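*Asks:* Let me begin by handing over the structure; questions about it come next.
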Amino acid sequence: QVQLVESGGGVVQAGGSLRLSCVASGRTFSTVAMAWFRQAPGKEREFVAAINRNGGVTYYADSVKGRFTISRDNAKNTVYLQMNSLKPEDTAIYYCAAKNGIAVKTDYAYDYWGQGTLLTVSS
């Protein structure tokens, strides 16, 4: 089992930056791939970014590529999502997720989920 707790959400103006954090507990963090997903009001959950177990491989949705950076610190059991040049359309609840094996972009492949943290980007 893996327990995930996100933090760092809030309200930011368009063009601003914010960093989300997700702390994991329950098993060795370095054995799981991590990802961020988001769900905007009235929309389906969508992939944002993923990172493999050692941080050497990352994936991004086209909508955030070049603006968001996913990283992890295995010593701190934490995965981060640095978000720059934020846009109103980035407004959503952001979830971190964990899975055994390799990092992928599909939400159904992830076994463990946090409770989410809300990001609101004002125009």
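The values are calculated or read from the model by the stated rules, or taken from the named source; none is laboratory data. The structure displayed is predicted, hence computed values, not measured ones. Backbone-built Cβ (ideal geometry, glycine too); neighbour counts: all protein chains shown. What goes into the accessible areas is simple: the full protein's heavy atoms, side chains included, and nothing from ligands, DNA or RNA. Shrake-Rupley method; radii C 1.70, N 1.55, O 1.52, S 1.80 Å.
*Asks:* Between S30, S21, which is part of a helix (DSSP H, G or I) and touching a residue at least 40 places away in the same chain (Cβ under 8 Å)?
*Replies:* S30
*Asks:* Here's a follow-up. Filter the stretch 69-88 for residues that are surrounded by fewer than 16 Cβ atoms within 10 Å (Cβ to Cβ) and out of contact with any Ser or Thr (no Cβ under 6 Å at 6 or more places or on another chain) and give the result.
*Replies:* S71, D73, A75, K76, S85, K87
*Asks:* Considering only residues of the stretch 9-45 that are in contact with a Gly (Cβ under 6 Å, 6 or more places away or on another chain) and more than 24 Å from Y108 (Cβ to Cβ), which is surrounded by the most Cβ atoms within 10 Å (Cβ to Cβ)?
*Replies:* S21
*Asks:* If only one of V64, V104 is of a type in the set (V, I, T), out of contact with any Pro (no Cβ under 6 Å at 6 or more places or on another chain), in a loop (DSSP other than H, G, I, E, B) and closer than 25 Å to V12 by Cβ, which one is it?
*Replies:* V64
*Asks:* Within the stretch 76-98, which residues are in contact with a helix residue (DSSP H, G or I) (Cβ under 9 Å, 6 or more places away or on another chain) and among the aliphatic types (A, V, I, L, M)?
*Replies:* V79, M83, A97, A98 - these are the residues of the stretch 76-98 that are in contact with a helix residue (DSSP H, G or I) (Cβ under 9 Å, 6 or more places away or on another chain) and among the aliphatic types (A, V, I, L, M).
*Asks:* Taking V48 as the residue in question, decide whether it is among the β-branched types (V, I, T), in contact (Cβ under 8 Å) with a residue 12 or more places away in the chain and open to solvent by 70 Å² or more (accessible area, probe 1.4 Å).
*Replies:* Numbers: among the β-branched types (V, I, T): yes; in contact (Cβ under 8 Å) with a residue 12 or more places away in the chain: yes; open to solvent by 70 Å² or more (accessible area, probe 1.4 Å): no.
Taking the combined requirement at face value, the residue does not satisfy it.
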